[in-house]
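The values are calculated or read from the model by the stated rules, or taken from the named source; none is laboratory data. If you're wondering where the values come from, they're calculated on a predicted model, not measured in any experiment. Neighbour counts are summed over all protein chains in view; Cβ atoms, including those assigned to glycine, are modelled from backbone coordinates with ideal geometry.
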Amino acid sequence: MTFFMRPYYRIPSNSFSLRPQPTATHAFGLMNGTAQALSKTKHLLTTTTAQCKSLLGKYAATRSLTKTKQLHAHIITSGLLYSNSSDLRSELAITYASCGSVPHARKLFDEVTDRSLFLYNILMRAYAQNGMPYAALNMFVEMLASGHCRPNCFTYPFVVKACGDLSLLNVGVVVHGRTLISGFDLDTFVQNSLLAMYMNCGEKEAARRVFDTIWERTVVSWNTMIKGYFRNGCAKDAMMFFNWMMDVGVEPDCATMVSVLPACGYFKDLVLGRRVHALMEEKGLGKKIIVRNALVDMYAKCGSMYEARLVVDKMGERDVVTWTTMINGYILNGDAISALALCWPMQSDGVRPNSVTVVSLLAACGSLYSFENGRCLHGWAIRQKIESDVIVETALIDMYAKCKKVNLSFRVFANTTKKRAVPWNAVLAGCVWNGLARKAIELFKQMLIEAVQPNDATLNSLLPAYAILADLQQATNIHCYLVRSGFLSSIEVATGLINIYSKCGSLESAHKIFSEVPDKGKDIIIWSVIIACYGAHGYGEIAVSLFYQMVQSGVKPNEVTFISVLHACSHAGLVDKGLNLFKFMLENHQLNPSHDHYTCVVDLLGRAGRLPEAYDLIRTMPFKPNQAVWGALLGASVIHENVELGEVAAKWLFEIEPENTGNYVLMAKLYAAVGRWKDAENVRHMINEIGLRKTPAHSVVEVRIVLTG
């Protein structure tokens, strides 16, 4: 409320007035009344201001933006903002910042003349927590430049967090230096923020040095290190810190569980994951939905979808992350049908799928080649107005390509903005998937014309097109581009180029690229590719030699590496070396052999004429042989004219893949080779009765037209 006081005037004696002249006593009484009114007004203003401050404190604590705006309006209309501007403006700025309304807070902050350190801290915190780290750093610089306030132990955590969010390592180091000078480097909050900043910048060693200087390590300190190591690709160190934390008796919290469960999933260590789960139940840390979701994700990554489903069924509340995690889990474990089956229970649960969910479901449709389901999802995305989301566009392009509807992929691609590389990458991969190598290369050239910057993923999608063409001239062209653009420094791109040169028959060029990659940078994939290159061209001895070089360099072979080297031994007739490698795989690396491994060994023995051993190996397989295993035995039986084993293999092949004409042709060839013409004729009659036709082979010859003047 605003009071307007009328001034007291003495009327001159010669002036006309109906009112009597005030006496001295009367004048004194009037002055006393005015003073009392002023005092009362001041008291009312003070009381009202105090009440407003109290309310603002409550609204800040409850983050009630609507009530804050209403009170702000009342303060303006009542005139309080102008009678006591500095204090109330500061309180309003603080309340708006606490409610997350940063623009309102900043406007009021700019109107405050006497800014306190607390006000600066609150605004920096609001910027840092609302995804505006640059603004937080700018405010810190403004505060230092003003010279009125010196940062304290509450200021530095917000500033350090902003540096970490922006990965500004150099600025972060400078701020760290200021904490050392000002003596705040030993404050626990400051130290924890420094841990997070260094981890966000990928400086694990610096984070560890800070951690070692912390006297009183809180659970936040341990959680930051566990989470930081995992995000920087050091899952082993993350688990080491978790075990260390348990050993020293630090009580874990929900954040600990959310940090350590992904590491269990990364290692696919189901036993360890169950131990963490038991600890979580023992400590009562599984009440929050974020922890339960992390638990579901861990079980899914460990391959135990049954246990993941048990966790979901026991959850009192399930959100979109829960269902999306389950969908991704089923896809990851090769059960796309179950992934799609979750659509109905998710909707029955009242959960609306988001863009990430739709992307996962489209991936399931693509893996099942389920065009109808994919088209339904596309329609739903259009109705929900999320079809223009770049991740949804990309998933649609990929799904249609997988379903052999590449024309629809092009249609979706045509409606994208084409300013980002992601849709281009998807359509390139789709062309390669459908064998449209030349179209992929044309699109890549168009991408460059439209000034869209390719990335590593672009090249990874494109390079298989050059491998399909197996054109040495084209391979040289893309090699030159990769050198000029600097992409060849990527290990994935170098691996793709090695594969291209191998398909073109230029082993010398392939090996040159391989040798130029630093030994420390050679991963298991590039080793597997170069071994497969030499094996495919019949250089088995070199392939085996490269395999042992890889093992000596400390790179652990995987299932694909063993397939490559066993295949090389098979083609080069290195039977004993191949069998030793198979034994080495089982005993030293304890890998479970797949159908592909058995196929290689059966082919190895079969080519060498050791058919009984090959058949004995098939009979001792721990799982049912597939068409590739029986096909290898049939092929070897034809080479060595072993009708008995050929008939055994053919019987299984006719049952497993009755529409494969190649199996019938091979069996007829075997009968003809041993003079059993009637049986050969009967097999050919079988082909005609079933209605099969052998697909004719074809060759491609490219003729380049050179114009001369």
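When Lys419 is tested against the conditions (1) more than 25 Å from the chain's Cα centre (by Cα); (2) closer than 28 Å to Ile441 by Cβ; (3) exposed (fewer than 15 other Cβ atoms within 10 Å of the Cβ), the lone failure is (1). Only one entry in Gly535, Gly486 is of a type outside the set (D, E, K, R) and farther than 30 Å from Glu613 by Cα, namely Gly486. In summary, Ser360 fulfils each of the numbered conditions (1) closer than 25 Å to Ser338 by Cα; (2) touching a Cys at 6+ places or on another chain (Cβ under 9 Å); (3) at pLDDT 95 or above with the single exception of condition (2).
Residues are listed down the side, and each one gets a yes or a no for (1) among the basic types (Lys, Arg); (2) on the phi > 0 side of the Ramachandran plot; (3) part of a helix (DSSP H, G or I); (4) surrounded by fewer than 15 Cβ atoms within 10 Å (Cβ to Cβ):
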{"position": "Tyr82", "(1), (2), (3), (4)": "no, no, yes, yes"}
{"position": "Arg89", "(1), (2), (3), (4)": "yes, no, yes, no"}
{"position": "Ala93", "(1), (2), (3), (4)": "no, no, yes, no"}
{"position": "Ala97", "(1), (2), (3), (4)": "no, no, yes, no"}
{"position": "Pro103", "(1), (2), (3), (4)": "no, no, yes, yes"}
{"position": "Arg106", "(1), (2), (3), (4)": "yes, no, yes, no"}
{"position": "Thr113", "(1), (2), (3), (4)": "no, no, no, yes"}
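Among residues of region 346-359 that are closer than 16 Å to Val392 by Cα, those with a Cβ under 8 angstrom from a residue that is outside any helix (DSSP H, G or I), sequence gap 6+ or separate chain, pair up as Asn354/Ile386; Ser355/Ile386; Ser355/Asp389; Val358/Ile386.
Restricting the search to helices (runs of 4 or more DSSP H) fully inside region 307-394 and requiring at least 3 residues that are surrounded by 15 or more Cβ atoms within 10 Å (Cβ to Cβ) gives 320-332, 336-341, 355-368, 371-383.
Are any residues in region 115-124 part of a helix (DSSP H, G or I) and surrounded by 18 or more Cβ atoms within 10 Å (Cβ to Cβ), and if so, which ones? Those that are part of a helix (DSSP H, G or I) and surrounded by 18 or more Cβ atoms within 10 Å (Cβ to Cβ): Leu119, Tyr120, Asn121, Ile122, Leu123, Met124. At least 1 residues being buried (at least 18 other Cβ atoms within 10 Å of the Cβ) and charged (D, E, K, R) is the threshold, and among the helices (runs of 4 or more DSSP H) wholly inside region 473-544 those reaching it are 491-503.
Look at Val648 and say whether it is of a type in the set (A, V, I, L, M), under 30 Å from Pro518 (Cβ atoms) and surrounded by fewer than 18 Cβ atoms within 10 Å (Cβ to Cβ).
Criteria not met by Val648.
Of the numbered criteria (1) part of a helix (DSSP H, G or I); (2) touching a residue at least 12 places away in the same chain (Cβ under 8 Å), the one Gly609 fails is (1).
Across region 332-342, a minimum of one residue is classified as within 22 Å of the chain's Cα centre (by Cα) and within 25 Å of Thr256 (Cβ to Cβ).
With respect to the conditions (1) among the charged types (D, E, K, R); (2) in contact with a helix residue (DSSP H, G or I) (Cβ under 8 Å, 6 or more places away or on another chain); (3) under 22 Å from His72 (Cβ atoms), Asp110 falls short on a single one, namely (2).
Screening Leu261 on (1) part of a helix (DSSP H, G or I); (2) under 19 Å from Ser360 (Cα atoms) shows it passes everything except condition (2). A single entry from Val210, Val219 fulfils the requirement of being surrounded by 21 or more Cβ atoms within 10 Å (Cβ to Cβ), more than 26 Å from the chain's Cα centre (by Cα), aliphatic (A, V, I, L, M) and closer than 30 Å to Val174 by Cβ: Val210. The one condition from (1) more than 30 Å from Leu436 (Cβ to Cβ); (2) in contact with a Cys (Cβ under 8 Å, 6 or more places away or on another chain) that Asp471 does not meet is (1).
Looking across region 236-253 at every residue that is buried (at least 18 other Cβ atoms within 10 Å of the Cβ) and assigned to a helix (DSSP H, G or I), the one that is farthest from the chain's Cα centre (by Cα) is identified as Met245. Of all residue pairs spaced 6 or more apart or on separate chains, those with beta-carbon atoms under 7 Å, a first member in region 144-158 that is at negative phi and a second member that is surrounded by 14 or more Cβ atoms within 10 Å (Cβ to Cβ) and not in a helix (DSSP H, G or I) are His148/Arg115; Cys153/Phe184; Cys153/Asp187; Tyr156/Phe184. Test Asn407 against the criterion of being under 30 Å from Gly435 (Cα atoms) and crowded, with 17+ Cβ neighbours inside 10 Å, and give yes or no. No: the conditions fail for Asn407. Scanning region 429-454 for residues that are loosely packed, with under 15 Cβ neighbours inside 10 Å and not in a helix (DSSP H, G or I) yields Gly435, Glu450, Ala451, Gln453. Restricting Ala308, Ala294, Ala300, Ala278 to those that are touching a Phe, Trp or Tyr at 6+ places or on another chain (Cβ under 7 Å) and either over 19 Å from Met239 (Cα atoms) or not hydroxyl-bearing (Ser, Thr, Tyr) (or both) reduces the list to Ala308.
Selection of region 147-196 for residues being among the small types (Gly, Ala, Ser) and in contact with a Phe, Trp or Tyr (Cβ under 9 Å, 6 or more places away or on another chain) yields Ala162, Gly164, Gly172, Ser182, Ser193.
Results for (1) surrounded by 13 or more Cβ atoms within 10 Å (Cβ to Cβ); (2) modelled with pLDDT under 90, shown as yes or no for each residue.
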residue: Gly635; (1), (2): yes, no
residue: His640; (1), (2): yes, no
residue: Leu653; (1), (2): yes, no
residue: Lys669; (1), (2): yes, no
residue: Gly675; (1), (2): no, no
residue: Arg684; (1), (2): yes, yes
residue: Arg693; (1), (2): no, yes
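Scanning region 133-167 for residues that are in contact with a helix residue (DSSP H, G or I) (Cβ under 8 Å, 6 or more places away or on another chain), more than 18 Å from Val220 (Cα to Cα) and not in a helix (DSSP H, G or I) returns Cys149, Arg150, Pro151, Asn152, Leu166, Ser167. Scanning region 558-587 for residues that are small (Gly, Ala, Ser) and either surrounded by fewer than 17 Cβ atoms within 10 Å (Cβ to Cβ) or on the phi > 0 side of the Ramachandran plot (or both) yields one hit, Gly573.
Here's the yes/no breakdown for (1) free of Cβ contacts under 8 Å to residues at least 40 places away in the same chain; (2) of a type in the set (Val, Ile, Thr); (3) within 30 Å of Met143 (Cβ to Cβ):
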{"position": "Val175", "(1), (2), (3)": "yes, yes, yes"}
{"position": "Arg209", "(1), (2), (3)": "yes, no, yes"}
{"position": "Thr224", "(1), (2), (3)": "yes, yes, yes"}
{"position": "Gly233", "(1), (2), (3)": "yes, no, no"}
{"position": "Ser259", "(1), (2), (3)": "yes, no, no"}
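Looking at region 282-295, can you tell me whether even one residue there is closer than 15 Å to Asn333 by Cα and out of contact with any helix residue (DSSP H, G or I) (no Cβ under 6 Å at 6 or more places or on another chain)? No, the conditions are met nowhere in region 282-295.
How many residues are small (Gly, Ala, Ser) and surrounded by 22 or more Cβ atoms within 10 Å (Cβ to Cβ) when one looks only at region 266-305?
3
Only one entry of Lys503, Lys556 meets the criterion of being touching a His at 6+ places or on another chain (Cβ under 8 Å) and not small (Gly, Ala, Ser), and that entry is Lys556.
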